[in-house]
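Okay, structure first, notes after.
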């Protein structure tokens with residue numbers, strides 16, 4: 001678990017990375033001494049505008065310390081999410097950030113292991129894969145079956161693919177860090 005201070009620092013790093021991107025200035029966060037910020041763990045950075053998704057990109061594993069991975073994912077969420085056009089400078093005054101620091105993936109043996117609101121889902125079949133963060137099911141009021149179906153749809157698969165013997169399903173948890181002043 002990250003402390004409140006560490007969480008606040010990651011939010012600042014993500015916002016600075018996006019601001020520098022909009023201002024076309026290179027950004028490399030200063031090295032951090034905090035042990036938790038130097039762990040190598042996966043993360044997702046979510047950008048919202050008016051409580052609507054504006055971009056979300058992440059990775060399950062990192063070759064970089066967490067503070068650098070957050071900066072990298074923030075830049076990617078602002079500029080490379082294929083569902084949205086890249087952010088523009090005029091959007092800098094109207095967005096909020098959410099960072100999900102991930103646990104390692106755990107292969108699912110039984111769907112009863114899924115705790116809606118606690119676990120995120122990752123499904124893979126052949127060359128298709130999709131992920132939904134733990135908070136997505138809660139935000140939409142989904143039950144376990146709907147969460148599984150929506151993860152399949154996110155992967156571009158038929159909604160009941162999760163029942164297929166060759167579908168691989170993984171769970172993970174996340175520490176969710178949100179800006180206090182949600183815009």
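The values are calculated or read from the model by the stated rules, or taken from the named source; none is laboratory data. On a predicted model such as this, the values are computed, not experimentally measured, just so you know. Cβ: placed from backbone, ideal geometry, glycine included. Neighbour counts: every protein chain shown.
Numbers below:
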| item | result |
| --- | --- |
| Any hit, region 161-168, residues being under 27 Å from residue 2 (Cα atoms) and at pLDDT 95 or above | no |
| Complete set of residues in region 48-69 that are under 10 Å from the mean Cα position of the chain (by Cα) and closer than 24 Å to residue 34 by Cβ | 57, 58, 59, 60 |
| Residue 48 being surrounded by fewer than 16 Cβ atoms within 10 Å (Cβ to Cβ), within 21 Å of residue 131 (Cβ to Cβ) and in contact with a strand residue (DSSP E or B) (Cβ under 8 Å, 6 or more places away or on another chain) | no |
| Residue within region 16-25 that is in contact with a strand residue (DSSP E or B) (Cβ under 6 Å, 6 or more places away or on another chain) and surrounded by 14 or more Cβ atoms within 10 Å (Cβ to Cβ) present | no |
| Odd one out for residue 76, checked against (1) assigned by TED's automatic domain parsing to the domain that holds residue 31; (2) outside any helix (DSSP H, G or I) | (2) |
| Lone unmet requirement of (1) within 27 Å of residue 68 (Cα to Cα); (2) touching a strand residue (DSSP E or B) at 6+ places or on another chain (Cβ under 8 Å) for residue 85 | (2) |
| Residue that is touching a residue at least 12 places away in the same chain (Cβ under 8 Å) and surrounded by 22 or more Cβ atoms within 10 Å (Cβ to Cβ), where the choices are 42, 55 | 55 |
| Boolean, residue 66 is over 21 Å from residue 135 (Cα atoms), touching a helix residue (DSSP H, G or I) at 6+ places or on another chain (Cβ under 6 Å), buried (at least 18 other Cβ atoms within 10 Å of the Cβ) and free of Cβ contacts under 8 Å to residues at least 60 places away in the same chain | no |
| Test: residue in region 24-38 that is closer than 15 Å to residue 179 by Cβ and more than 18 Å from the chain's Cα centre (by Cα) | no |
